[in-house]
Amino acid sequence: MSTIRKEELLKRYFGHTAFRPGQEPLIDALLQGRDVLGVMPTGAGKSVCYQIPALLLPGITLVISPLISLMKDQVTALTQAGVAAAYINSSLTYPQYAEVLRKVRQGAYTIIYVAPERLTTDAFLAFAQTAQISLIAVDEAHCVSQWGQDFRPSYLKIAEFCRNLPQRPPVGAFTATATKEVKEDIVRLLGLRDPLTLTTGFDRPNLYFSVETPKKKDLWLASYLKSRSEQSGIVYCSTRKTVEKVCGNLQRLGLPVTRYHAGLEDEERRTNQEDFIYDRARIMVATNAFGMGIDKSNVSFVVHYNMPKNMESYYQEAGRAGRDGARAECVLLYAPADVQTARFLIENIEDNENLTEEERALVRERDLQRLGKMVGYCKTKDCLRHYILGYFGEQSSLHCQNCSNCSAEMQEYDITTEAQKILSCVVRVERKYDFGLGVTQIVRTLTGSKDMRILELGLDQLPTYGTMHKVERTTIRRYIDHLIDQGYLTLTEDKYPVLHTTEKAKDVLFHGGKVTIVDRKQAKAVSFATAKVAVPADKELYNTLSALRYKIANLEGVPAFVVFSNATLLDMAAKQPVIRPEFLQVSGVGDRKAERYGEAFMQCIREWRKAHA
Ligand code: ADP
């Protein structure tokens, strides 16, 4: 396959001048008929890897995707770019479905997006037997694995579907989940044959990672947002209720916020999203329902008000910052209570698909393991980037110098006295009662809480009651965690885990053993990396172009990014093209789009230049 051809298509249809890392080898392999597994972080450009082969191969490319809500936009974007595409999912009425299939049979489409559960319907199977299917792309391929964060049993049928085709085409699987188990499952369960497996860099060097444990998250957040008055960012919360609360608080402080969650009316969601995208509201407070398919490049920070359920979600959401390559911050506000909320969400999860009891139990167990890794991220004192990349199976240096742990001054503290108090409290409880106590009750006893339960149990009679009344509860919890990590305490695995001392605890209690903890230097204000806002080449022109894009998108009834992405508008504002060949030089402008929108945008630039001459 000639290189020129591929690159020509990349420019003509998608407006990009060069392939990104990983794209070309994956495309080449598919064109040579070989299966592939492409593991790339969100936003790396997986779609091009199957869209270019789709354009070069005869016949149809099927793209199997679970994200029904995104299919329509993807198809609209392709159609706008001049690629004949359609989608088949449960949002179509039967007559619409029949019409799409009829046109598909006539060879009207190059790319067809299909929801996995549609593959096995009689009508589709009948069609597949006679159609010329040259390529099958499986998007979000981790859905096939019970190790993945979004297991869908319907994905298990894909392998059989492919096998039963008159001629099995090459299969390309794509995902942003890179753990070993998931990768192995994808290859096995999708029945990939000797696939070219390619994992591209998960690192996003322009992102600064930080974990904070403020006593009062609201105060912390307000002061953080106030100090970033020129920047746009997202605040993720784990529940709708928290979104409402946080958004209300910030509004009362006069900050330009809007909100997004699945409980709002469609109309309001749309308006709020656009307010954010067009910078009418700088700050978006949202649940994880926000962000899929959002193409806003100038997001300078993503704050997680609550800890997410797993690292995959965290990295995906945090990764919405700094898409334009400018420095951006990803801050996670951690509180132990977040673990309970996440656990609750996992245990009361609503299934996307009907799982058997056994599958559900397994999925929960894995979800809880993933939660454990997420908590590990919040608690680690090592380099955060190293932790993230390690999780995704990538080697990296031990110190990135661009995260809160690397930039914080660390100090070793002697906490022997505190450790003795904690350990002896646990020992006293063990002696006095047959049952042990959980972390919360031990903390309450140590701080001298007047909680009913504490008094009922007579814990106020213990000599250790109230011995740590001057210490913050969160600090005591941290010490307890540390004592568990260091093997002085164990936590049982019961539904209500209880603390016990180990043999090693005797060293500290009776033999003068010392306990130290490495922590950020105290009383040091947390210094954030000074993130620069992505300043468009000429902000005013950029805003003018963005208003024009808004008008066109409205007229055509498509999302704004389908017309042009922010990155394209930024480049356009920088290059200020006024003739067609110049316009084609803008990143993200292909033939079709130049033809369709070129004149309107160039006219806008001409007028702007005249007014500013
Ligand atoms: P993913 O599916 O991996 O999350 P997408 O396929 O949606 O990512 O691509 C993310 C963004 O990257 C899109 O805006 C796309 O236009 C852009 N992109 C993809 N390939 C390239 C390329 N070779 N050069 C420049 N931009 C690209």
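For the stretch 19-69, a tally of residues being closer than 20 Å to residue 159 by Cβ and of a type in the set (Asp, Glu) returns 1. When residue 436 is tested against (1) among the small types (Gly, Ala, Ser); (2) at pLDDT below 90; (3) surrounded by fewer than 20 Cβ atoms within 10 Å (Cβ to Cβ), exactly one condition is not met: (3).
Residues of the stretch 14-32 that are under 15 Å from residue 45 (Cα atoms), more than 10 Å from the ligand (Cβ to nearest atom) and open to solvent by 50 Å² or more (accessible area, probe 1.4 Å): 25 alone.
Results for (1) within 30 Å of residue 181 (Cβ to Cβ); (2) open to solvent by 70 Å² or more (accessible area, probe 1.4 Å), shown as yes or no for each residue.
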site: 367; (1), (2): yes, no
site: 382; (1), (2): yes, yes
site: 415; (1), (2): no, no
site: 419; (1), (2): no, no
site: 446; (1), (2): no, no
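Among the residues making up the stretch 33-54, those that are open to solvent by 10 Å² or more (accessible area, probe 1.4 Å) and within 14 Å of the ligand (Cβ to nearest atom) are 41, 42, 43, 44, 45, 46, 47, 48, 51. I'd like the residue in the stretch 572-596 that is buried (at least 20 other Cβ atoms within 10 Å of the Cβ) and within 30 Å of the chain's Cα centre (by Cα) and, out of all such residues, is farthest from the ligand (Cβ to nearest atom). Ranking the candidates gives 573 first.
State whether one or more residues within the stretch 98-115 are open to solvent by 20 Å² or more (accessible area, probe 1.4 Å) and within 30 Å of residue 403 (Cβ to Cβ). For the stretch 98-115, residues open to solvent by 20 Å² or more (accessible area, probe 1.4 Å) and within 30 Å of residue 403 (Cβ to Cβ): absent. Within 14 Å of the ligand (Cβ to nearest atom) and touching a residue at least 12 places away in the same chain (Cβ under 8 Å) - does that describe any residue in the stretch 544-559? Within the stretch 544-559 (the criterion being within 14 Å of the ligand (Cβ to nearest atom) and touching a residue at least 12 places away in the same chain (Cβ under 8 Å)), the answer is yes, since at least one residue qualifies.
The values are calculated or read from the model by the stated rules, or taken from the named source; none is laboratory data. Keep in mind that what you see is a predicted model, and the values were worked out from it rather than measured. Reconstructed Cβ throughout: ideal geometry from the backbone, glycine too, with neighbour counts over all protein chains shown. Heads up: the accessible areas ignore ligands, DNA and RNA and are worked out on the full protein's heavy atoms, side chains in. Shrake-Rupley method; radii C 1.70, N 1.55, O 1.52, S 1.80 Å.
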